[in-house]
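A quick write-up on the structure given underneath.
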Amino acid sequence: MTAVVSKDAARPAGGSGTPSRRRWRTRRGRTHRTSTEGSYALYLLPGGLAFLIVIIVPFVMNTGISFTDWSGVGTPEFTGLENYDRLLGDDDFWESFRHSLAMVAAMALVPTAIGLVLASALFDFVGKHAGSRWVAAVRACFYLPQVLPIAVAGIVWSWILAPESGSLNELLGAVGLDALQQDWLGDPDWALYSVMTVMVWVQIGFPLVIFMSGLQRVDPALHEAAELDGAGWWRRFWHVTLPQLRPEIAVVLLWCTIAALKVFGMVYVLTGGGPGGATNVPSYFAYQNFFENFQAGYGAAISTVLTALILVLAVVALKLQTRAEDENR
């Protein structure tokens, strides 16, 4: 009787071939992976160099200047933490941060809320009854301020809000509301609210586009089931749309909050931080100290604190978002 032994049975358990052959295959696999990862790293090199030159090096230099007393010319004098100690007792610095909180409301909270309602309305009413072309046209109109140069938009708004012959005051006078005419950008009581209103107009297109994109991935069956159960548009928006758009809402809030904390261009064009510091924000306050008061060390300290605050905010928000996504899986 002849014993028949198959090839598979003849192979040792745990893989094919002799141990030396398996070790050779393992080394070859590792070498291949290392070579592939090395080729991928080459693609990251240009971006890494640009990040180093444009972000890291200036930030390190700015942080170094913040420990000095320097007018912008000559040799900086090392003063340690003196500039940061001065910041703690500077009322103008804290006032500029309070204005930043108002900007967060104008550039993050209000546009996010309006963008959610507008995106849902466009998706549910305009898209279903008028077609996608009308949706695209309306969306482009709302997004237009995002692509306009800040200087152009600021100059146009300064014409509209001018105290004499401004379009807004002329319109109020034409409809008999002369009592409501104001020096919108020159009155300390109205200047901040005027800038906030302009920033809402500038910012609203960004969340609208993000939310309309997010609505494309929402399962229509959820809305249909809610509609069959008798839910109206508002209840479907509150109980179906909002929970489904939670990742997009988190991204928009984080992005817009960072934009609000570093806002500079529109404040510079519309009010120059005035009147009397009524619209000053940290980035413009740093600019004033750096280039107008020739206190480069103090301006650098303001910039460093603002940068650190934005970094901490971004890291905390990303960790919270990651944790929420892990819990939903």
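Worth a mention:
- Karplus-derived HN-Hα couplings along the range 243-253 (A = 6.51, B = -1.76, C = 1.60, θ = phi - 60°), whole Hz, x at Gly and Pro: x, 6, 9, 4, x, 5, 4, 4, 5, 5, 4
- Percentage of interatomic Cα-Cα distances in the chain larger than 25 Å: 68
- Difference of contour (0.36 nm per residue) and Cα-Cα distance, GLU95 to VAL60: 9.9 nm
- Nearest-10 value in Å² for the accessible area of PHE142, using the 1.4 Å probe: 60
- Ranking THR197, THR79 by solvent-accessible area of protein heavy atoms (1.4 Å probe, all protein chains present), from largest to smallest, gives THR197, THR79.
- Accessible surface ranking for CYS256, CYS141, 1.4 angstrom probe, highest first: CYS141, CYS256.
- Axis of helix 19-51 versus longest Cα principal axis of the chain: the two differ by about 10°, to the nearest ten degrees.
- Choice from GLY214, GLY48, GLY173 with maximal GNM fluctuation in the chain (Cα, 10 Å cutoff): GLY48
- Of the listed residues THR63, THR75, the order by accessible area with a 1.4 Å probe, largest first, is THR75, THR63.
- Relative contact order (percent, whole number), the chain, Cα cutoff 8 Å, 6+ residue spacing: 26
- Principal-axis analysis of the Cα atoms of the chain puts helix 132-147 at an angle of about 60° to the longest axis.
- Charge dipole (Cα centre; +1 on Lys/Arg Cβ, -1 on Asp/Glu Cβ; no other charges) of the chain amounts to roughly 3260 debye.
- By a 1.4 Å probe calculation restricted to protein chains, ASP219 has an accessible surface near 80 Å², given to the nearest 10.
- Rg/Rh for the range 86-179, where both radii come from Cα atoms and Rh is the Kirkwood radius: 1.12
- Using a Förster distance of 35 Å, the FRET efficiency for LYS319-PHE291 (Cβ separation, nearest 0.05): 0.45
- Debye intensity ratio I(q)/I(0), log10, the range 169-278, q values 0.15, 0.18 Å⁻¹ (C-alpha model): -0.81, -0.92
- The base-10 log of I(q)/I(0) for the range 38-151, evaluated at q = 0.15 Å⁻¹, reads -0.97 [Debye formula, identical scatterers on Cα atoms, solvent excluded].
- Most mobile listed residue (ILE114, ILE302, ILE56) in the chain, GNM with C-alpha springs under 10 Å: ILE56
- Backbone amide hydrogens, once placed in the peptide plane, bring ASP69 within less than 5 Å of GLU77, PHE78, THR79, excluding anything fewer than 5 places away on its chain.
- The stretch between PHE264 and SER71, if pulled fully straight at 0.36 nm per residue, gains 67.3 nm over its current Cα-Cα span.
The values are calculated or read from the model by the stated rules, or taken from the named source; none is laboratory data. Please read all numbers here as calculations on a predicted model, not as lab measurements. Cβ coordinates were reconstructed from backbone atoms using ideal geometry, including for glycine residues, and neighbour counts include every protein chain displayed. Just the protein is used for accessible areas: all its heavy atoms, side chains included, with ligands, DNA and RNA removed. Shrake-Rupley method; radii C 1.70, N 1.55, O 1.52, S 1.80 Å.
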